[in-house]
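The values are calculated or read from the model by the stated rules, or taken from the named source; none is laboratory data. Quantities reported herein were computed from a predicted structural model and do not represent experimental measurements. Positions of Cβ are backbone-derived with ideal geometry, glycine not excepted, and every protein chain shown enters the neighbour counts. Side chains included, ligands, DNA and RNA excluded: accessible areas come from the protein's heavy atoms. Shrake-Rupley method; radii C 1.70, N 1.55, O 1.52, S 1.80 Å.
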Amino acid sequence: MYLDCAVFENYRNIEFFPFSFDKEINILYGKNAQGKTNVIEGIYLFGSGKSFRHAREKDLIKTDQISAQISISYRDSLRENKMSYRVFRDMPKENFKNGIKISKMSDFIGNFKAVLFCPEHLSIVKSEPAERRGFLDSAISQFNRPYLAALMEYKKLLEQRNALLKNYEKHGESFHLTEDILSEKLASDAGYITQVRAQYAERLFSLVNQYLSDMTGGKESVDFSYLSHIAGKENDDLLDRNVNAEKYRNIFKKNLQKEMILGTTLGGSHKDDIEIKLNGMNAKIFASQGQQRSIALAMKLAEGELSKEESGEYPVFLLDDVLSELDRERKRYVLSELHGRQVIITTCDENDFKGISNAKKIYVENGTYFYQ
């Protein structure tokens, strides 16, 4: 898969610009806060359906404008496709693929596949469990539509169950019947979500260990444990959806009285986590920032490889101001691993990629773009 072009209109600080991209390496360079990351963000909207900078939709619209639009043309193994993403200040957003309006976000995500790596992704290793769950969910959702649907349903069910727990006294005799129904559905979805995440993590970290070992000349190795209320560190116990669901049912029953007091669901797949170990030590605590960056980068390379295994073709790689902080050897390794894939990179210093002769370069200044 590769991105042929992307047209930005009234998006952030971009009034209008039609980008065309090379099938391999594309570099956007310029000083900070000029609009490089805006391009990466806009392209990644088509992979994830939302801003990776956690921006509200109206914040994507250029000041003094009422709407913004990005249109892309990309080619997969079957055909050329066109997609559009439109946001408005006072109306719901609109999404289109090949001229047909897409109403459900679950039908939008997964068409255009992209892997993003940005400085914030250090949080995958060093921050809270939600960051690691979010990484897994985003990666899996791009090729597994049933998983995305289960995630969306689980979120709604969890909100409903929490609301019920907070106001259980108002529901009287109907409380336990409603709670039973919600808990049954929640357990079923949770069992599936945990199963798919654990399976994906097992495949992912096999590749991560290989990438990290190659990147560091065999000096560093990584492994993981999938942590869950229903299995702790016993990964094999998580690979059966029905077994998982039954364990979640038991947890909901066991915790119910306490949950009624606290007004929230204490167990479920929304509490899962991954413990990442570097050379046998917890990477969150003992790895240096450079080591954490290398692990996160290896996870992103592995994500792209698994995406290819599932879809038959590589996704587009979006690298936002990250390679400039790697040493020469790690930078060389990453660029060699990305050979044969389409890559769109941002950097403040063009010299970071001085040795790359076949790259398409775009200079960025205050929302204006110049092909070099």
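Tell me, please, whether a residue that is in contact (Cβ under 8 Å) with a residue 60 or more places away in the chain and open to solvent by 60 Å² or more (accessible area, probe 1.4 Å) can be found in segment 33-44. No, segment 33-44 has no match at all.
Here is a yes/no grid of residues against (1) within 18 Å of E131 (Cα to Cα); (2) open to solvent by less than 20 Å² (accessible area, probe 1.4 Å); (3) part of a helix (DSSP H, G or I):
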position	(1), (2), (3)
S213	no, no, yes
G217	no, no, no
K253	no, no, yes
T265	no, yes, no
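Counting only strands (runs of 3 or more DSSP E) wholly contained in segment 77-185, the ones carrying 2 or more residues that are open to solvent by 50 Å² or more (accessible area, probe 1.4 Å) and under 30 Å from D321 (Cα atoms) occupy 80-88. Among residues of segment 219-242 that are open to solvent by less than 80 Å² (accessible area, probe 1.4 Å), those with a beta-carbon under 8 Å from a residue that is in a loop (DSSP other than H, G, I, E, B) and modelled with pLDDT under 90 at least six positions away or on a different chain give the pairs S225/K233; Y226/K233; L227/K233; D237/A231; L238/A231.
Only a single criterion out of (1) surrounded by 17 or more Cβ atoms within 10 Å (Cβ to Cβ); (2) among the hydrophobic types (A, V, I, L, M, F, W, C); (3) touching a residue at least 60 places away in the same chain (Cβ under 8 Å) is not satisfied by A245, namely (3). Scanning segment 322-372 for residues that are touching a strand residue (DSSP E or B) at 6+ places or on another chain (Cβ under 8 Å), part of a loop (DSSP other than H, G, I, E, B) and open to solvent by 40 Å² or more (accessible area, probe 1.4 Å), which turns out modelled with the highest pLDDT? Here the answer is C348. Of all residues in segment 304-321, those satisfying the criterion of being open to solvent by less than 10 Å² (accessible area, probe 1.4 Å) and assigned to a helix (DSSP H, G or I) are G304, L306. When each of D4, D22 is tested for being assigned to a loop (DSSP other than H, G, I, E, B) and under 22 Å from N111 (Cβ atoms), the lone residue that passes is D22.
Annotation note: of V322, V343, V334, the sole residue that is within 24 Å of the chain's Cα centre (by Cα) and under 17 Å from Y2 (Cα atoms) is V343.
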